[in-house]
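A short reminder: the numbers here are calculations on the coordinates, not readings from a lab. Since the model is a prediction, treat every value here as computed from it, not as a measurement. FYI the Cβ positions are ideal-geometry reconstructions off the backbone, even for glycines, and counts take in every protein chain you see.
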Amino acid sequence: MPPWIRWVDEDQATGTVGEVYQAWLSANPERTEVPEILKCFSLNPDLLKSVVEFSYGLQFSDGQLTRRLKEMIATLVSGLNRCLY
C-alpha cells in the first residue's frame, strides 16, 4: 500500500534531506532504509533535521533509562500497536 503522506525516498533525496538520510544511515549501518516515520518529515528539510537530532539523542542515549531498556519499551509498544516499524 502506498503511503498516505508524501515523502522523499532515499533515491530521490538531495540537499538537506539527502544529508540527513545519509547521516542516519551511516549511524545505523544495519539498516538499509530510513524509517518511514522519519520520511514523513522529508518535505520540510529543516524540520526533518531537527526531529532526527532531537529524537536520536532522546531515544538512543543513556539517561534515567538505558538505551537497551528504551529499545525494549519501543519494541513492546510497536508490537501492541501492530506497527510495522
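Looking at (1) of a type in the set (Phe, Trp, Tyr); (2) touching a helix residue (DSSP H, G or I) at 6+ places or on another chain (Cβ under 6 Å); (3) in a loop (DSSP other than H, G, I, E, B), can you tell me which one TRP4 breaks?
Only one criterion is unmet by TRP4, namely (2).
Counting only residues that are assigned to a helix (DSSP H, G or I) and hydrophobic (A, V, I, L, M, F, W, C), which one in the range 7-30 is surrounded by the fewest Cβ atoms within 10 Å (Cβ to Cβ)?
Checking each candidate, the answer is ALA27.
Restricting to the range 49-85, and then to whatever is among the β-branched types (Val, Ile, Thr) and either in contact (Cβ under 8 Å) with a residue 24 or more places away in the chain or part of a helix (DSSP H, G or I) (or both), can you tell me which residue is surrounded by the most Cβ atoms within 10 Å (Cβ to Cβ)?
Checked the range 49-85; the qualifying residue surrounded by the most Cβ atoms within 10 Å (Cβ to Cβ) is VAL52.
Of all residues in the range 31-48 being buried (at least 18 other Cβ atoms within 10 Å of the Cβ) and of a type in the set (A, V, I, L, M), which is nearest to the chain's Cα centre (by Cα)?
Selected residue: LEU38.
What are the residue pairs meeting all of these: first residue in the range 3-31, first residue at positive phi, second residue not polar (S, T, N, Q), Cβ atoms under 8 Å, and 6 or more apart or on different chains?
These pairs meet every condition: GLY15/PRO45.
Take the residues in the range 31-48 that are among the aliphatic types (A, V, I, L, M), in contact with a helix residue (DSSP H, G or I) (Cβ under 8 Å, 6 or more places away or on another chain) and assigned to a helix (DSSP H, G or I); name whichever of them is farthest from ARG67 (Cα to Cα).
Across the range 31-48, the extreme among qualifying residues is LEU48.
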